[in-house]
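Reviewing the structure listed below.
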Amino acid sequence: MSDKKAIVKWAGDMTFIGESPTGHSVVMDAGIESGGNDKGIRPMEMLLLGMGGCASIDVVMILKKARQDVVSCWAELEGERVDEHPRYFNKIHAKFFVKGSNIDPKHVERAIQLSMDKYCSASAQLAALADITTEFEIVS
């Protein structure tokens, strides 16, 4: 294990400040329906964002190595959670959007597949309990 740790500190009510081992911070809060004040990202939303960030980094790196002229890339993620506690994700769908010049769809498909099957630790972790599906769109 690393000497550096992730730290989550209570900031009052249901608000918490998370600090990563690399020193970056994020505000997390519960929704109003759970006693929070809606001041930050929900912890389960963080999981989706983590997967989207991890996979998007992979996709851009793989496309750049394939000499694709990518100028923008983003992912939209939707998660479905089970009704009973713990309310984990059982389905996640990620749609990737890639913008650039002469982007080859085969390269995009391969980049997403490599990310999901080999490189993205976050999607591998979530795939233990969730069925993850993907699609993509090349934006002109």
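Points worth noting:
- Which listed residue, of 40, 12, 35, is at negative phi and small (Gly, Ala, Ser): 40
- Verdict on residue 71 being open to solvent by 30 Å² or more (accessible area, probe 1.4 Å), at pLDDT 95 or above and assigned to a strand (DSSP E or B): yes
- Single residue of 60, 8 found to be under 29 Å from residue 132 (Cα atoms) and either touching an Asp or Glu at 6+ places or on another chain (Cβ under 8 Å) or open to solvent by 80 Å² or more (accessible area, probe 1.4 Å) (or both): 8
- Scanning segment 112-138 for residues that are open to solvent by 40 Å² or more (accessible area, probe 1.4 Å) and assigned to a helix (DSSP H, G or I) returns 113, 114, 117, 118, 119, 121, 124, 125.
- The residues of segment 74-111 that are within 16 Å of residue 135 (Cβ to Cβ), outside any helix (DSSP H, G or I) and not charged (D, E, K, R), listed by number, are 74, 75, 77, 79, 92, 93, 94, 96, 97, 98, 103.
- Unmet criterion (only one of (1) touching a Lys or Arg at 6+ places or on another chain (Cβ under 6 Å); (2) within 15 Å of residue 54 (Cα to Cα)) for residue 127: (1)
- Of all residues in segment 24-32, one or more are of a type in the set (Val, Ile, Thr), over 15 Å from residue 116 (Cβ atoms) and open to solvent by less than 80 Å² (accessible area, probe 1.4 Å).
- Residues that are modelled with pLDDT of 95 or more, among the hydroxyl-bearing types (Ser, Thr, Tyr) and assigned to a helix (DSSP H, G or I), drawn from segment 18-68: 56
- Among the residues of segment 19-29, none qualifies, meaning not one is without any contact (Cβ under 8 Å) to a residue 60 or more places away in the chain, under 18 Å from residue 86 (Cβ atoms) and over 18 Å from the mean Cα position of the chain (by Cα).
- Residue list for segment 52-88, restricted to those being under 17 Å from residue 127 (Cβ atoms), touching a Cys at 6+ places or on another chain (Cβ under 9 Å) and without any contact (Cβ under 8 Å) to a residue 24 or more places away in the chain: none
The values are calculated or read from the model by the stated rules, or taken from the named source; none is laboratory data. Everything quoted here is computed from the prediction, not taken from an experiment. Every residue, glycine as well, gets a Cβ built from its backbone with ideal geometry; the counts of neighbours run over all protein chains shown. For accessibility, only protein heavy atoms count, side chains too; no ligands or nucleic acids. Shrake-Rupley method; radii C 1.70, N 1.55, O 1.52, S 1.80 Å.
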